[in-house]
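**Student:** The structure is given below, and queries will be raised subsequently.
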Amino acid sequence: MNQPIINSKDEIPDEHYRKMVLTLMDRQAGREIATAEVFGQCVIFAPTLDDKVRITRYQNEELKHFKLVAKLMAELGVDIDHYVADRKRAGARFTGNESDVTVTDWIDATLFNFMIDRAATYQLTEYTRGSYAPLAKANVSILRDEERHKDFGEHCLIEMCRDPEMRAEIQRRFHKWFIGAMRIFGRPGTPGNRYCLEVGLKQRDSGEIAAAYLDSIRPVMARCGLKFPRREDLPIELAPELNLEVPAHHDAQRVA
Ligand SMILES: [Fe+2]
Ligand SMILES: [Fe+2]
């Protein structure tokens, strides 16, 4: 990598870079706080006291993540109190529509954690390698929490899918959460993506990051006996390199 590392806001080379760093931080901060809000819905449906305690902890961690990014945004002049209070903006924080992330029971809560929180984690893994050092550093510590969130979502999904009826219901709802997760990565090959690659704010295009995310959930899908939606049934543009196949898994067949 030959792009220079920008160690602080004072080293930001030009307005274009500054705007792009702010855009990336806005997207991340928006998702951190929105995830905390959705975990608030998940607490209602968490089946055990331990689960409620755990989800409440995750919610706190998301707010801590938000604070870390918000501090960097404030350094660049963003009014954070206004940012938090702006509900119109809150609706757009994941997919542009708050109802896309409405949680109605523990199945939704699990799919939110397994799909959306995990997709957001993949996206910010990329930022840990980015050229804006303050954001890269913040994300190294954020990722430590996110690893645990990810493991819990996966564990809950595997447990639920042991029940064939539950698995069928999860498969039915999977489409909605899959679209939400894919929207987190954004469209591949956009001018914004190209600029980020040029200045080292990202090392990979959105399509490649989304492909890595799908690779990470594919073995879990196989184990659960779940399938990805078909490309032609999706209302969004997916990068051509995305593989939507799930290999057969003998454990999944046995519980079927
Ligand atoms: Fe987070
Ligand atoms: Fe998380």
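**Student:** For the chain, set up a GNM with springs between Cα atoms under 10 Å and report which of Ile44, Ile184, Ile55 has the largest fluctuation.
**Tutor:** Looking only at Ile44, Ile184, Ile55, the largest GNM fluctuation is found for Ile44.
**Student:** Let me ask something additional. Tell me, for the chain, which Cys residues have no other cysteine's C-beta sitting closer than 4.7 Å.
**Tutor:** Cysteines lacking a close Cβ partner in the chain: Cys42, Cys156, Cys196.
**Student:** Mind checking which lysines have their Cα closer than 27 Å to the Cα of Lys202? Skip sequence neighbours fewer than 8 apart in that chain.
**Tutor:** Straight-line reach from Lys202, under 27 Å: Lys9, Lys19, Lys64, Lys67, Lys71, Lys137, Lys150.
**Student:** If you bin the C-alpha pair distances of the chain every 5 Å from 0, what whole percents do you get?
**Tutor:** 1, 6, 13, 17, 18, 17, 12, 8, 4, 2, 1, 0
**Student:** Would you calculate, for the chain, the mean residue ellipticity at 222 nm contributed by helices, counting each DSSP H stretch of 4 or more residues as -39,500 (n - 2.57) and dividing by all residues, to the nearest 500?
**Tutor:** Values: 11 runs with 169 residues, N = 256.
So the calculated ellipticity at 222 nm is -21500 deg cm²/dmol.
**Student:** Under unit Cβ charges (Lys, Arg +1; Asp, Glu -1), what dipole magnitude, rounded to 20 debye, does the chain have relative to its Cα centre? Write down the numbers at each step before the final one.
**Tutor:** Values: 37 positive and 40 negative charges, 20 e Å.
My answer is approximately 100 debye.
**Student:** GNM, the chain, Cα, under 10 Å: largest mean-square fluctuation among Leu49, Leu76, Leu24?
**Tutor:** Highest fluctuation of the listed residues: Leu49.
**Student:** Here is a follow-up. Restricting to Cα pairs below 8 Å that are 6+ residues apart, what does the relative contact order work out to for segment 110-235? Please round to a whole percent. It would help to have the intermediate numbers written out before the result.
**Tutor:** Numbers: 127 pairs, mean separation 43.7, N = 126.
Taking the mean separation of contacting Cα pairs over the length of segment 110-235, I get 35 percent.
**Student:** I've got another one for you. Under 10 Å, Cα contacts only: if you run a Gaussian network model on the chain, which one of Thr121, Thr23, Thr110 comes out with the highest mean-square fluctuation?
**Tutor:** In this elastic network of the chain, the residue with the biggest mean-square fluctuation among Thr121, Thr23, Thr110 is Thr23.
**Student:** Restricting the calculation to Cα positions, tell me the Rg (one decimal) and the Dmax (whole number) of segment 128-256 in Å.
**Tutor:** Cα-based Rg and Dmax for segment 128-256 come out at 16.8, 50 Å.
**Student:** Return the long-range amide H neighbours of Val246 (sequence gap of 5 or more, or a different chain), with a cut-off of under 5 Å between placed amide H atoms.
**Tutor:** Correct list: Phe228.
We did not get these values from a lab; they are worked out from the coordinates using the rules stated. Just so you know, these numbers come straight off a predicted model, no measurement behind them. Heads up, the Cβs are rebuilt from the backbone with ideal geometry, glycines too, and the neighbour counts pull from every protein chain shown.
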